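Notes for the one structure printed next.
The values are calculated or read from the model by the stated rules, or taken from the named source; none is laboratory data. Small disclaimer: the values here were computed from a predicted structure and weren't measured. Here the Cβ is made from the backbone with ideal geometry for all residues, glycine too, and neighbour counts use every protein chain on show.
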Ligand code: FAD
Ligand code: 2HG
Ligand code: ZN
């Protein structure tokens, strides 16, 4: 396999029967029980085209009660279920492994309330991230998270993966921005934790378990979120550096000189830029005069155009004078800043078009982070293209290895090396994408045995029959 582990279908789970389909039809209505071949095929395969399940049915509930009835029934029958949002998971988390029933939240896409004073948004889990951001923009607010998959990923999927993305540096984690959740437990219990308060210390903060729970502990049906004001002054710079040390110097400088207006600090190496230029439509090299080894996309967001420009100028002057930045361009209008962002956000898509891809989403101390890319390159030679990019301001490297096709020998050169290296440097084997189906076997590189044991206990407590998103996250059933 290309996943580094082989698993067998858990025989505890029932095989779907005609009477089950009838029950589902009764609960959600006939049209929300999907067994159309094309629709099922799309829902069975992940965004990378790497993980394929064989589910026979997809359900589209419209209410929390319907989700509860589905789960209660599946739990009592021993039918396995995979919750699905926009199906943009990069670790095979959102597709069935065998014949699990797919419960897609896409039809639960209502905005329930928005408080223009506090900025608190309450909505159903199936709302698409970009739609929420458009809605908020009309009210002068914005989403605290943004990522390349915004046009199809759902807030429930973002919460369940604890997605990071491009604004993490400024607004922080969903663990802070999610104020409340409504979830349905595997036995059908609806747990209303849909608070809208910034502060609430009345006992254990249980909603946190479902943020990053990857659909293994419950189905998220509603989300309450703190959203920041949409500020009017945005600047985007695309800069080039000669070496990785300079990138780090620029990061330090950006924090000092840009301070509170800094809203993104992304980096990409030359191979990442080439990947985007070669495989995406309508791309132009923003700095065509000389090829450099490293590029930075830096964004400022503030409320005073003159103030922000002045800060940016001082920062850029310093960065150039010290020789850390050797070339650069500041976007002159919205279309130019979109073009810069499109390059950065499009790398994953470009990789997908280029062929087979091995994807590693790692947290590593910033000073060591690029060394892994170089070691990997030296190790693999001409057999693959190794690219490094990511959320440098957050210490998050996206190491990607692109090859003409999937190859077991290549995989064995990459793993477990990449996980061991990360562990030795006190990093995390999943910074933001989760463990999904790809990485349960690698959990031990980032979590102690006692921690994993406690996770297993939590899973067994909430899902004693193991019906919810089986084979994902926890390693026990992987052989
Ligand atoms: P899905 O992919 O459908 O599901 C993801 C996981 O959550 C699965 O385990 C699924 O079972 C579970 N799940 C989904 N909905 C629910 C629910 N309502 N209740 C319970 N469980 C649920 N991630 C980042 O962190 N940062 C990025 O910058 C980033 N960029 C991306 C760019 C691209 C082009 C792509 C394709 C993906 C990117 N991702 C990124 C990965 C991915 O995690 C996010 O796109 C997103 O958070 C997934 O949302 P989704 O609705 O597609 O969830
Ligand atoms: C990004 O930051 C996404 O662009 C995708 O998290 C990362 O494809 C990847 O490795
Ligand atoms: Zn990312």
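Of note:
- Here 179, 166 are screened, and the one residue that is away from ligand 2 (no atom under 16 Å from the Cβ) and surrounded by 19 or more Cβ atoms within 10 Å (Cβ to Cβ) is 179.
- Taken over segment 317-341, the criterion of being out of contact with any helix residue (DSSP H, G or I) (no Cβ under 8 Å at 6 or more places or on another chain) and buried (at least 19 other Cβ atoms within 10 Å of the Cβ) is satisfied by 337, 340, 341.
- Counting only residues that are within 12 Å of ligand 2 (Cβ to nearest atom) and touching a strand residue (DSSP E or B) at 6+ places or on another chain (Cβ under 7 Å), segment 349-364 holds 8 of them.
- All conditions but one from (1) surrounded by 20 or more Cβ atoms within 10 Å (Cβ to Cβ); (2) touching a strand residue (DSSP E or B) at 6+ places or on another chain (Cβ under 9 Å); (3) outside any helix (DSSP H, G or I) apply to residue 67; the one that does not is (3).
- Residues that are touching a strand residue (DSSP E or B) at 6+ places or on another chain (Cβ under 8 Å), in a helix (DSSP H, G or I) and closer than 15 Å to residue 364 by Cβ within segment 395-439 comprise 418, 422, listed in sequence order.
- Qualifying residues in segment 377-392 (those that are surrounded by 22 or more Cβ atoms within 10 Å (Cβ to Cβ) and not in a strand (DSSP E or B)) - the one nearest to ligand 3 (Cβ to nearest atom): 392
- Flag if residue 450 is more than 30 Å from residue 254 (Cβ to Cβ) and in a helix (DSSP H, G or I): yes
- Odd one out for residue 212 among (1) in contact (Cβ under 8 Å) with a residue 40 or more places away in the chain; (2) surrounded by fewer than 24 Cβ atoms within 10 Å (Cβ to Cβ); (3) not assigned by TED's automatic domain parsing to the domain that holds residue 182: (3)
- Only one of the numbered conditions (1) under 20 Å from the mean Cα position of the chain (by Cα); (2) part of a helix (DSSP H, G or I); (3) more than 16 Å from ligand 2 (Cβ to nearest atom) is not met by residue 442, and that is (3).
- Boolean, residue 48 is crowded, with 18+ Cβ neighbours inside 10 Å and away from ligand 3 (no atom under 16 Å from the Cβ): no
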